[in-house]
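Just passing along the structure, written as structure tokens.
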Amino acid sequence: MPQLEISDLITATDPESGRRLPVRRADVVGQLHANGNARAARIVAGLPADQDGVLDPGAVDRLLISVHTELQRLSEELRIGQRLVHLIGPLRTAIRAAGHTGPFRLVDVGCGLGFLIRWLAATGALGPDTELIGVDLNAALVGEADRLARAERLDCRFVHGNAFTLPEAATVYVSTGVLHHFPEPALAEFFRAQGASPAMAFCHYDIAATGLAPIGAWMFHRARMRHPLGRHDGVASARRAHDDATLLRAAATAPDMRPLLYEPRRVANPFCTTLRPVIGVRPHLEAPLRQALGRSSRRLLGPEQFAGAAR
Ligand SMILES: C[S@@+](CC[C@H](N)C(=O)[O-])C[C@H]1O[C@@H](n2cnc3c(N)ncnc32)[C@H](O)[C@@H]1O
């Protein structure tokens with residue numbers, strides 16, 4: 001049975017117009033029962049709905065904002081901003097060294113409450129002349145990201161919509177905790193959209209699919225998340241995380257991008273591996289990226305080194 005996350009099921013958006021679609025509570029409950037997940041079905045059955053059985057969109061939005069607010073602690077504890085800068089800093093150097101000028105535009109796909117973009121804006125960790133944009137299909141989450149950024153007067157932007165149909169092309173696409181939401185065919189589509197765009201690179205962090213990940217996720221979400229939805233989805237995320245080989249295979253379908261994994265399972269301590277990125281760079285950027293990374297470049301594996309490490 002595929003692992004389902006409640007948060008994926010209780011909102012629906014028209015992919016063309018971005019318009020919110022009604023979601024019938026009984027449909028979601030039925031889907032979760034059919035998937036053998038009675039606990040998740042009970043959580044959804046407790047959510048408010050109108051007389052036609054349609055989930056109350058306002059209540060759903062408030063719940064998702066509250067769960068994502070708690071989830072930001074995980075981003076803080078896992079130092080997601082610092083991890084990203086460790087790679088994007090050298091990547092930016094490599095892009096400049098290869099003679100690319102113009103703005104360095106970083107687009108966070110599925111930014112949620114925008115923790116990463118707001119952290120980058122608040123710390124200035126990527127240096128000046130970096131355009132920071134967070135994009136999400138969920139209007140409530142990205143609206144809250146925008147509100148928080150304005151409250152702190154941060155130099156960044158949040159956009160409601162599909163990250164791959166923005167009027168301005170990204171220099172680099174990034175994301176955190178998004179890849180596991182896509183089943184395999186959609187995952188390849190996700191990478192193909194970036195290869196087909198004018199972007200120079202992508203760098204997507206997600207939960208490392210180790211045997212310990214569901215236990216670690218259970219402990220964190222039990223200790224730190226209050227709502228049962230957050231606790232449920234946290235563990236389901238870890239269970240459905242894609243393994244390294246699947247990510248590399250999917251990233252390899254992006255046209256004219258060299259797929260790479262940083263710190264995959266075999267070169268990292270499984271007790272310390274929580275998140276790791278899959279990266280794609282235009283082929284001419286690999287050498288300058290490795291040079292800019294210095295000693296850390298040993299941890300950056302292409303498909304052939306990855307296959308070698310498996311033997
Ligand atoms: C679990 S959330 C991740 C939130 C955030 N990155 C974090 O770390 O808290 C995944 C989000 O990806 C968004 N999403 C998926 N595909 C997208 C796309 N093509 N463009 C914009 N947002 C997308 C969904 O709307 C959802 O809110």
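Please go through the stretch 102-113 and pick out each residue that is outside any strand (DSSP E or B) and over 11 Å from the mean Cα position of the chain (by Cα).
Of everything in the stretch 102-113, those that are outside any strand (DSSP E or B) and over 11 Å from the mean Cα position of the chain (by Cα) turn out to be 102, 103, 113.
Yes or no: the stretch 129-137 includes at least one residue that is more than 9 Å from the ligand (Cβ to nearest atom), in contact with a Lys or Arg (Cβ under 9 Å, 6 or more places away or on another chain) and assigned to a helix (DSSP H, G or I).
First pass over the stretch 129-137, keeping only residues more than 9 Å from the ligand (Cβ to nearest atom): 129-133.
When the remaining residues are screened for being in contact with a Lys or Arg (Cβ under 9 Å, 6 or more places away or on another chain), the result is 130-133.
This time we only want the ones that are assigned to a helix (DSSP H, G or I), so: none.
Within the stretch 129-137, not a single residue is more than 9 Å from the ligand (Cβ to nearest atom), in contact with a Lys or Arg (Cβ under 9 Å, 6 or more places away or on another chain) and assigned to a helix (DSSP H, G or I).
For residue 1, all conditions in the list (1) of a type in the set (A, V, I, L, M, F, W, C); (2) farther than 27 Å from residue 165 by Cβ; (3) outside any loop (DSSP other than H, G, I, E, B) hold save one; what is the number of the exception?
Among (1) of a type in the set (A, V, I, L, M, F, W, C); (2) farther than 27 Å from residue 165 by Cβ; (3) outside any loop (DSSP other than H, G, I, E, B), the lone unmet condition for residue 1 is (3).
Return yes or no: is residue 62 among the basic types (Lys, Arg), away from the ligand (no atom under 16 Å from the Cβ), exposed (fewer than 14 other Cβ atoms within 10 Å of the Cβ) and not in a loop (DSSP other than H, G, I, E, B)?
On the way: among the basic types (Lys, Arg): yes; away from the ligand (no atom under 16 Å from the Cβ): no; exposed (fewer than 14 other Cβ atoms within 10 Å of the Cβ): yes; not in a loop (DSSP other than H, G, I, E, B): yes.
For residue 62, the condition - among the basic types (Lys, Arg), away from the ligand (no atom under 16 Å from the Cβ), exposed (fewer than 14 other Cβ atoms within 10 Å of the Cβ) and not in a loop (DSSP other than H, G, I, E, B) - is not met.
Still on this structure: Against the definition (farther than 30 Å from residue 262 by Cα and not in a strand (DSSP E or B)), how does residue 51 come out, yes or no? So that I can check it myself, show each step before the final result.
Numbers: farther than 30 Å from residue 262 by Cα: yes; not in a strand (DSSP E or B): yes.
Judged against the criteria, residue 51 is a match.
Report every pair of residues separated by at least 6 positions or lying on different chains whose Cβ atoms are under 6 Å apart, first residue within the stretch 1-30 and within 23 Å of residue 179 (Cβ to Cβ) and within 13 Å of the ligand (Cβ to nearest atom), second of a type in the set (Asp, Glu) and modelled with pLDDT under 95.
Pairs that qualify, where the first residue is within 23 Å of residue 179 (Cβ to Cβ) and within 13 Å of the ligand (Cβ to nearest atom) and the partner is of a type in the set (Asp, Glu) and modelled with pLDDT under 95, are 5/233; 6/233; 7/233.
Condition test on residue 120, is it within 14 Å of the ligand (Cβ to nearest atom), in contact with a helix residue (DSSP H, G or I) (Cβ under 9 Å, 6 or more places away or on another chain) and part of a loop (DSSP other than H, G, I, E, B)?
Numbers: within 14 Å of the ligand (Cβ to nearest atom): yes; in contact with a helix residue (DSSP H, G or I) (Cβ under 9 Å, 6 or more places away or on another chain): yes; part of a loop (DSSP other than H, G, I, E, B): no.
Spelling it out, it is not the case that residue 120 is within 14 Å of the ligand (Cβ to nearest atom), in contact with a helix residue (DSSP H, G or I) (Cβ under 9 Å, 6 or more places away or on another chain) and part of a loop (DSSP other than H, G, I, E, B).
Of all residues in the stretch 233-258, which are more than 17 Å from the chain's Cα centre (by Cα) and surrounded by 21 or more Cβ atoms within 10 Å (Cβ to Cβ)? I'd like the intermediate steps shown before the answer.
From the stretch 233-258, those more than 17 Å from the chain's Cα centre (by Cα) are 245, 249, 252-258; that's our starting set.
254, 257, listed by residue number.
Follow-up question, since we're still on this one. Scan 239, 276, 249 and give me the residue that is part of a helix (DSSP H, G or I), touching a Pro at 6+ places or on another chain (Cβ under 7 Å) and within 19 Å of residue 206 (Cβ to Cβ).
Values: 276 fails: part of a helix (DSSP H, G or I); 249 fails: touching a Pro at 6+ places or on another chain (Cβ under 7 Å).
Of 239, 276, 249, the one residue that is part of a helix (DSSP H, G or I), touching a Pro at 6+ places or on another chain (Cβ under 7 Å) and within 19 Å of residue 206 (Cβ to Cβ) is 239.
The values are calculated or read from the model by the stated rules, or taken from the named source; none is laboratory data. These numbers were taken from a predicted model, which means no experiment stands behind them. Please note: Cβ atoms are built from the backbone with ideal geometry, for glycine as well, and neighbour counts cover all protein chains shown.
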